[in-house]
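Participant: This is the structure I have questions about; it appears just below.
The values are calculated or read from the model by the stated rules, or taken from the named source; none is laboratory data. Treat the numbers as computed from the prediction; the structure is a model and nothing was measured. Cβ placement follows ideal geometry from the backbone for every residue including glycine, while neighbour counts extend to all protein chains displayed. Areas reflect the complete protein model, heavy atoms only, side chains present, ligands, DNA and RNA absent. Shrake-Rupley method; radii C 1.70, N 1.55, O 1.52, S 1.80 Å.
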Amino acid sequence: MEHFTLRGGTVVDGTGEPAQRADVTVADGRISAVGDVPRSSGGTDVDVSGLVVSPGFVDIHTHFDAQVFWDPDLTPSSWHGVTTVVQGNCGFGIAPTRPKDRELVMETLELVEGMRVDTLRSGIDWCFETFPQYLDVVRALPKRINLGAFVPHSMVRLYVMGADAAFSRTATDAELADIRHITREAMDAGAVGISTSQAPSHQGPQGRPVPSRFADVREVAALVETLAEVGRGIIEITYGPLMEIEEVAQLSKQHGVPITWGAVLPGLFGPPGSAMDMLERGTSVGGQLWPQTSTRFITTQMSLENPYQWSRVPAFAEVLGRGADAMAAAYADPSWRERALAQMESIADQTDFLDGDIDGYFRRTSVEETGCHFDLRGVRLADVAAARGGHPLEVMLDLALEDGLATRFRNLPRTDKAEITELVTDPRTVLGAHDAGAHVDMLCDSCYPSYTLRYWVREEQAMTLEQAVWRMSGQPAALWGLADRGTIEEGKAADLVAFDPETVGETHPERAWDFPADGDRLIARSQGIEHIWVNGTPTRQNGTDLEGAAPGMVIDSR
Ligand SMILES: [Zn+2]
């Protein structure tokens, strides 16, 4: 194994402690010395003068469950200094899955996580059925970075109950016992925790809620109890009508199990201050509750071929997943439009994206990518509607129809910068909800490490470099039980990044067609991330990724 010393850099060690000039020696994949390392100590030298040396970043909220099959580099995350990802969030993944449910799982992933069915069909090697088998397959796949996996509740439920029951009702006592058993087996096989979702936006085929949304409190508590029995791991529970954040905190307190809440995001739960209020309510209960917040102003680029945000409106839910022709026919049908408009008005108050302010939604939504409306790029739908006449929803439908549904509408959430700043800098939150590997057609927040270092640290100076690095490495690693990662300390695994604090940043998102079956996605690259090491092996040198580097491992909290 390699033996080398990084010399001349400024070490920000991931604990939040002040930066210091220090050398870092790596031997046999581990950090063997930090400080003034004499030149006589052997090995080679790597000059990192002028650069900050930090732990590799740990992204605890990703959806690489399928992508790991065709993208060993786990991009774009690995481009941004991320050296460990945790996948299987929000209750979704691809294991355990019985062969007869594969199509249903892929259709659900398309709707819920924005992955294309054709890409999934040609990209996944379905050579597994159980979660332990899946994890063994992923262990054997080449990986540029480390990967930890959650057991996804919706998949466990579908596996135990079958499609009809999983998508329609609560579990019987016998089914609940099986859900516990399968979850326990997955933890024993090396999962880092469990994930479940109650989010109203998680709608499967034909507008049916995803399986985890049919769970009752008893079933969610059973998942928490399973972790308590195992004695390690964290569970992700999303917001939703089943439980308030206080009740979730109470569960954590009662069972002594850490819970990460997805998520506290301004603009999603009501007027300014609501997300901060949710954080206060949850953390005041006690327990180990870790609400996630995004560093990014979550901006989506949605097409009406997968009108994710609009799935709460029944008329849209009806056509979800029916294919472009059926959708276009509905969008053109005056009676369908009439229903959609009426339903939008009546449920505007209950949907997180409209949030009771339909006009505001269309003022924050503009034409972004288009095959024909070039003069409308960047123009707000409210303004297009004013010029053309008609309701902005009808104008959105018309624009999409004229463009074969290809037009992408860019939606800025109803955010409040002051509140985001508070949440991003509040140590009671964790940085998450960036959804790498999901919604790849409409957003790219996986670039958040380079973005955070550029925007929040260098430009806004809302947090110090030390705080930002801790928030992206030491803090998540500790909370997720990844004891070997996240800080620069002797004896720890050598996951390291060397970046230039003056130039680090992300590039503007661009569309790439590099997924199986010509699948497209938005990607953002990094600048200023000069060197990366994973488990002591270099994966990037002088800003260029080393081809074929695959030192990543499946890791867990044991
Ligand atoms: Zn997610």
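Participant: Out of all the residues in segment 241-264, which are touching a residue at least 40 places away in the same chain (Cβ under 8 Å) and open to solvent by less than 20 Å² (accessible area, probe 1.4 Å)?
Facilitator: Selection gives MET243, ILE245, VAL248, ALA249, THR260, GLY262, ALA263, VAL264.
Participant: Looking only at segment 502-511, which residues are outside any loop (DSSP other than H, G, I, E, B) and at pLDDT below 95?
Facilitator: Listed by number, the residues that qualify are GLU510, ARG511.
Participant: Another question, if that's okay. Return a yes/no flag: does segment 11-23 have any residue that is hydrophobic (A, V, I, L, M, F, W, C), away from the ligand (no atom under 16 Å from the Cβ) and under 29 Å from ARG139 (Cβ atoms). Don't jump to the end; show me each part of the working.
Facilitator: Within segment 11-23, the first condition is being hydrophobic (A, V, I, L, M, F, W, C), and the residues that meet it are 11-12, 19, 22.
Right, trim to away from the ligand (no atom under 16 Å from the Cβ) and you get 11-12, 19, 22.
Going one step further and asking which of them are under 29 Å from ARG139 (Cβ atoms), we end up with none.
No, there is no match, as no residue in segment 11-23 is hydrophobic (A, V, I, L, M, F, W, C), away from the ligand (no atom under 16 Å from the Cβ) and under 29 Å from ARG139 (Cβ atoms).
Rundown of residues vs (1) within 28 Å of the chain's Cα centre (by Cα); (2) open to solvent by 50 Å² or more (accessible area, probe 1.4 Å), yes/no style:
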position: ASP355; (1), (2): yes, no
position: ASP359; (1), (2): no, yes
position: THR365; (1), (2): yes, no
position: GLY378; (1), (2): yes, yes
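Participant: Suppose we keep only residues that are in contact with a Phe, Trp or Tyr (Cβ under 7 Å, 6 or more places away or on another chain) and in a strand (DSSP E or B) within segment 520-558. Which one would you say is surrounded by the fewest Cβ atoms within 10 Å (Cβ to Cβ)?
Facilitator: Out of the qualifying residues, it is ASP520.
Participant: Within segment 62-71, track down each residue that is open to solvent by 10 Å² or more (accessible area, probe 1.4 Å) and not acidic (Asp, Glu).
Facilitator: PHE69, TRP70, listed by residue number.
Participant: From the list ALA328, ALA317, ALA348, pick out the single residue that is under 21 Å from VAL112 (Cβ atoms) and in a helix (DSSP H, G or I). Please lay out each step first, then the result.
Facilitator: Numbers: ALA328 fails: under 21 Å from VAL112 (Cβ atoms); ALA348 fails: under 21 Å from VAL112 (Cβ atoms).
Only one candidate passes the filter, namely ALA317.
Participant: I'm checking my understanding of the structure. Among residues of segment 113-139 that are polar (S, T, N, Q) and under 22 Å from ASP441 (Cα atoms), which one is surrounded by the fewest Cβ atoms within 10 Å (Cβ to Cβ)? Spell out the reasoning first.
Facilitator: Here is the first cut: in segment 113-139, the residues polar (S, T, N, Q) are 119, 122, 130, 133.
After this cut, where a residue has to be under 22 Å from ASP441 (Cα atoms) as well, the list is 119, 122.
On the way: THR119: 23, SER122: 15.
Checked segment 113-139; the qualifying residue surrounded by the fewest Cβ atoms within 10 Å (Cβ to Cβ) is SER122.
Participant: Regarding segment 49-67, can at least one residue be identified that is aromatic (Phe, Trp, Tyr), in contact with a Gly (Cβ under 6 Å, 6 or more places away or on another chain) and closer than 30 Å to GLY162 by Cβ?
Facilitator: Within segment 49-67, one or more residues are aromatic (Phe, Trp, Tyr), in contact with a Gly (Cβ under 6 Å, 6 or more places away or on another chain) and closer than 30 Å to GLY162 by Cβ.
Participant: If you check PRO334, PRO266, PRO314, PRO307, which single one turns out to be of a type outside the set (Ser, Thr, Tyr) and under 30 Å from LEU479 (Cα atoms)? Before you say what the answer is, go through the steps one by one.
Facilitator: Details: PRO334 fails: under 30 Å from LEU479 (Cα atoms); PRO314 fails: under 30 Å from LEU479 (Cα atoms); PRO307 fails: under 30 Å from LEU479 (Cα atoms).
Exactly one of PRO334, PRO266, PRO314, PRO307 is of a type outside the set (Ser, Thr, Tyr) and under 30 Å from LEU479 (Cα atoms), namely PRO266.
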